[in-house]
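Below is one structure, written out as structure tokens; comments come after it.
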Amino acid sequence: MKQTNDDPMLKQIFNPMLKYIDDGKFFREPFKWLYAILGILNLLAPIGVLVFIIDSGFFKIASGGMIVAFILMWLILCLVMWFGFLLWWNRREKVYHASAQGDDFVAIPVYSHFIQTIGEWIGMIVGIGGPLFTLIALIFGEGGQVTALMMKVPYGPSFWYIILLPIGGFLIVVMARALAEMLRALAAIANNTRHRE
């Protein structure tokens, strides 16, 4: 028997699936899981780095200063990745507020939310982790001589990273947020226009 679009069996199968897509859950749910996975990966990253360094035999060949520098950098990595975990975990629930029930344009707000969050994450790594890593590299890079570091400060390009990286991180957050807000504004205008018709 030939089935038509009015076939009740066909409607029973496809209508729930189409409703799942149309109301935005099809887009929000995977992003919610993606945020959770990225948050957990942030927690696992320091462990992965530590295992890799131990397997490479770094602690057998490195000098005392290099080991101290690595430990400090690893602690900073733990701190930054913990902040990253908190960020992704916090945004995981907020992705559901990216689009409202009944909106016709539901994918763009969810995608814009992801752009905003990944911009905040990259900006945080660059703005917080970058200068701290650079500072430790400066202190321990010249055999651990702080006096040599102080003599290099006005001229060394690495010193400027300590100043420029936080500014760069801030700009990354601002640009990602601006792009996300433009996309959300377009979706809001499109939804409002559609509702008035």
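The values are calculated or read from the model by the stated rules, or taken from the named source; none is laboratory data. Predicted, not measured: the structure shown is a model, and the values here were computed from it. Heavy atoms of the whole protein, side chains included, go into the accessibility calculation; ligands, DNA and RNA do not. Shrake-Rupley method; radii C 1.70, N 1.55, O 1.52, S 1.80 Å.
Data table
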read-out: Rounded to the nearest 10 Å², the accessible area of Met182 at probe 1.4 Å; value: 120
read-out: Ranking by accessible area, most exposed first, for Lys94, Lys60, Lys32 with a 1.4 Å probe; value: Lys60, Lys94, Lys32
read-out: Gyration tensor verdict on region 47-94 (Cα atoms; rounded if a/c is under 1.5, prolate if a/b is larger than b/c, oblate otherwise); value: oblate
